[in-house]
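Here the structure comes first, spelled out in structure tokens, and everything after it is commentary.
Computed from the coordinates by the stated procedures, all read-outs in this text should not be read as laboratory data. Keep in mind the model is a prediction, meaning the values are calculated, not measured. Every residue, glycine among them, receives a Cβ derived from its backbone with ideal geometry; neighbour counts consider all protein chains shown.
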Amino acid sequence: MNTTLQQAGQKWLNWATQNPKKFFTYSMIFLSVSFIGSLIQGIFFPSDTAFKIKPPILYSKSKMAQNAPVNNEKEMGKIVSELKLLKMKRDRKELKKEDSLRIEYLFNQYQQLKNDR
């Protein structure tokens, strides 16, 4: 079987070298038909798996990314108001250990939101 394939390939190669114009013509016809066929398949029968790769969130234009500065301002305002309440509590000397942890947490959140702007 291997020798028959080699003989057929050799016969076909000899024909291609002896008739280059016909070989070129047949090749171009085959390539054109396959290109048009793939275009028709892509237009009328699109694949369901095409373009399933999602871009990273960093590069997509989402509403969340557009509203981030507004949300940051709101969050920062909430943090500042809570810190003011805790400051008033400190002035009255009513702070507890949990309040100190809360102050530290809020301060870190405020710094993070400030740096995200």
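Computed from backbone phi with θ = phi - 60° and the Karplus coefficients 6.51, -1.76 and 1.60, the 3J(HN,Hα) list for the stretch 96-113 is 10, 5, 5, 5, 5, 5, 5, 4, 4, 4, 4, 5, 5, 4, 4, 4, 5, 5 Hz; x is used for glycine and proline. Within the same chain, aspartates and glutamates fewer than 8 places from K89 are excluded, and of the rest, those with a Cα less than 17 Å from its Cα are E98, D99, E104. With each label modelled as a point 7 angstrom along the Cα→C-beta vector, the F44-F23 pair spans 3.4 nm.
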